[in-house]
Amino acid sequence: MAEKLPPKGGGLDTPRELRSRLMPNFGADPDTFGRFAERFARYMGTANFLFYMTIFVIIWVAINVVGLFGFQWDPYPFILLNLFFSTQASYAAPLILLAQNRQDDRDRVQIEQDRSRNERNLADTEYLTREVAALRISLRELATRDFIRSELRSMLEDLTAAQDGEDDGERREKQKDSRGSSRHPATSKMRAIKSGPASTGSAN
């Protein structure tokens, strides 16, 4: 079988050789020129630019209409002034587009940074949420401060109730002893005499 020859132009896996540019590169710094374009576009969007341009047009038309000091280099219909404005517009449009492209690039980078920052914040928030949930689960098995306080309060109430009960019993015993000691001796003898025959009769 005959071997297949590679195409003359090369396959998709073959890198293309760099071709020489038609226009020479003068080595201008794109950042420097871009900053100049941004300053120029920013200045053209101000009221000062419109004010100075209006004064320039009025002076140009007045001199060429009146012919002040014999100068009348651009008579009516002011072809040179129109050519000047056309040249200015042809240069201003690319400069404004370049400034807009640089602003779009900055906005894109800022959006990517904001997105990455939001993703990090979301990841941190989810991590903290999981940690808080784990802490809540672990704290369910531990005694809380309110629970310990309630248990201690109930134990204290039980101890005070038991102590009050013992005090009441001792008080009652003291009252009985005091009552027995305060009785009259005759009544005690009569009780002894009454209890004597009953005890002798039972003995017989």
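Anything in the range 83-117 that is in contact with a helix residue (DSSP H, G or I) (Cβ under 8 Å, 6 or more places away or on another chain) and of a type in the set (Gly, Ala, Ser)? List them, or say none. 92, 99, listed by residue number.
Every listed requirement among (1) modelled with pLDDT of 90 or more; (2) among the aliphatic types (A, V, I, L, M); (3) within 32 Å of the chain's Cα centre (by Cα) is met by residue 137 save one, (1). Restricting attention to the range 27-54 and to residues that are among the β-branched types (Val, Ile, Thr) and either surrounded by 10 or more Cβ atoms within 10 Å (Cβ to Cβ) or touching a Pro at 6+ places or on another chain (Cβ under 7 Å) (or both), the residue that is modelled with the lowest pLDDT turns out to be 46. Within the range 70-91, no residue that is farther than 13 Å from residue 56 by Cβ sits with its Cβ atom under 9 Å from a residue that is modelled with pLDDT of 80 or more and acidic (Asp, Glu) at 6+ positions apart or across chains.
The values are calculated or read from the model by the stated rules, or taken from the named source; none is laboratory data. In this text the structure is predicted, and so the values were computed from the model without any measurement. When we count neighbours, we look across all protein chains shown, and the Cβ atoms used for this are built from the backbone with ideal geometry, even at glycine.
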